[in-house]
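Presented below is the structure to which this report refers.
Just so you know, all these numbers are worked out from the coordinates, no wet-lab data involved. Keep in mind the model is a prediction, meaning the values are calculated, not measured. Reconstructed Cβ throughout: ideal geometry from the backbone, glycine too, with neighbour counts over all protein chains shown.
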Amino acid sequence: MRWRTGRRSGNVEDRRGAGAPVGIRFPGRGIPGGFGGRRAGIGGIGAVIIVVILAMLFGIDPRLLLQDTMGEAPYATYAPDNSPAAGQDDELADFVSVVLADTEDTWGQIFGQSGGAYRDPTLVLFSGAVDSACGFAQAAVGPFYCPLDEKVYIDLSFYRDLQDRFQAPGDFAQAYVIAHEIGHHVQTLLGISEQVQAAKARAGQAEANALSVRQELQADCFAGIWAFYADRRGVLEAGDIEEGLNAASAIGDDRLQMQSRGYVAPDSFTHGSSEQRARWFQRGLASGDPQDCDTFSQP
């Protein structure tokens, strides 16, 4: 990627080295190394009460916060590098800022073309653990987007694992991860996330999983939309598209389940298979039109 001369975003919040906050560790989705462990300062019943209060304040079904607090944790099987040097790579932080700025330019242009206004999200860099409006998260959940504060959270040590464990190296693979999370922000602004949450609250587990898959695949397609515009601006280089497709495939539910369980259970997919993720990313990349990202009515 030709990123070094790109604009830097002013919406990066650097919390690296701040230490893990003391707070409630809300339950995640049964993810190894996720939100489990002891709660600090409050018992299980008290945590549930606070979740319900938060849900009432934000008009959200409390079951969604209890069962799906972070909304996004596709990489939770990795073990982050918590060495003293982890997360201190200033060049990588600079890269993230440039990619974020490029997504701001892309979606600002797209929203403007339809008469709307894009609201920039904030990207939070952290190391080890972080507190968000969606709850307390450890780095093992991977990058995630919280719709309650409209922030993307990422521990930069994840990128080492993306390269070494998931075999998805390259700067464009790293950019794809950010663009996917920004795709969730776009869904929030368009009201899609709220509709999906409401539908999941009425659905059984299998149907709720299927809705999650559709939402994640749309975020992949939106990441492809960003790549389409980035390519037109001359940001992409030879081999970048292949890096993006490889990254999308590397974090498919089937591949992650095979790594962590040794078998694949399609009914429990929440993000889509490797084939689906790569295909929808490629669809967005090919068209550049968000209208082609309707994963809810297309197979």
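Things worth noting here:
- Spacing of the two label points (7 Å from each Cα toward its C-beta) at residue 91 and residue 149, in nm: 3.0 nm
- Pairwise centroid distance, computed over Cα atoms, of the stretch 230-268 with the stretch 127-144, Å: 22 Å
- Sparsely packed trypsin sites (Lys or Arg not before Pro) within the stretch 216-257, loop by DSSP, other Cβ within 10 Å at most 16: 233
- Cα gyration tensor shape of the stretch 170-299, rounded if a/c is under 1.5, else prolate or oblate by comparing a/b with b/c: oblate
- Stretching the chain fully between residue 292 and residue 194 yields a gain of 33.3 nm (0.36 nm per residue, less the alpha carbon separation).
- Calculated FRET value between residue 237 and residue 258, using beta carbons and R₀ = 35 Å, to 0.05: 0.65
- Once the Cα-Cα distance is subtracted from the 0.36 nm per residue extended length, the residue 268 to residue 207 segment shows a gain of 21.0 nm.
- Computed from label points 7 Å out along Cα-Cβ, the spacing between residue 14 and residue 133 is 2.5 nm.
- Length gained when the stretch residue 163-residue 2 is fully extended (0.36 nm per residue, less Cα-Cα span): 56.0 nm
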